[in-house]
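Nothing in this text is a laboratory measurement; each read-out follows from the coordinates by a stated rule. Bear in mind that the values here come from a model prediction, so they are computed numbers and not experimental data. No Cβ is skipped: glycine too gets one built from the backbone with ideal geometry, and neighbour counts run over all protein chains shown.
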Amino acid sequence: MMILHITTHTAWTEAQERGEYTAPSLSIEGFIHCSTLSQILPVAENFYKGQKELILLVVDPALLSSALQWEAPSERILHPGIREGEKFPHIYGPINLDAVVKVVELEVDSSGAFTLPKL
């Protein structure tokens, strides 16, 4: 199963220059937030509403050099599309670039809602 991480073109370009991908949450919370395919749209709508030009990093967990943990979200508020007790993939360290097997646009439809890309 692939896991997904939402980011910007700029952050991905910088990661390629550095040789690894990090996110602000890594220094703040100690891990990089990721989602499964079924979780990605609710996460995008909740945390990225109104933003454009976002991309999804498609990560193969078997290729990660950092630890992957499946954990409940830190916030207790349930969001539409997320079941109570559902666990999310958290990566405890940088994402090595060779674990990113695909990069796709996270598109927005005419109503401003995110749409699931073809992976």
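Kirkwood radius and radius of gyration were both taken over the C-alpha atoms of the range 3-106, and their ratio Rg/Rh is 0.94.
Residue-wise HN-Hα couplings along the range 92-103, as the Karplus relation 6.51 cos²θ - 1.76 cosθ + 1.60 with θ = phi - 60° gives them from phi, are 8, x, x, 8, 5, 4, 6, 7, 8, 8, 6, 10 Hz; Gly and Pro carry x. Distance between the pseudo-spin-label points of Thr8 and Lys118 (7 Å out from Cα toward the beta carbon): 2.9 nm. In order along the range 48-60, the phi-based Karplus estimate (6.51 cos²θ - 1.76 cosθ + 1.60, θ = phi - 60°) of 3J(HN,Hα) comes to 10, 3, x, 8, 10, 6, 9, 10, 10, 8, 9, 10, 8 Hz; Gly and Pro are listed as x. Amide H contacts under 5 Å for Ser66: Asn96, restricted to partners 5 or more places along the chain or on a different chain, H placed in the peptide plane at 1.01 Å from N.
In the chain, helices alone account for a calculated mean residue ellipticity at 222 nm of -6000 deg cm²/dmol, with every DSSP H run of four or more residues adding -39,500 (n - 2.57).
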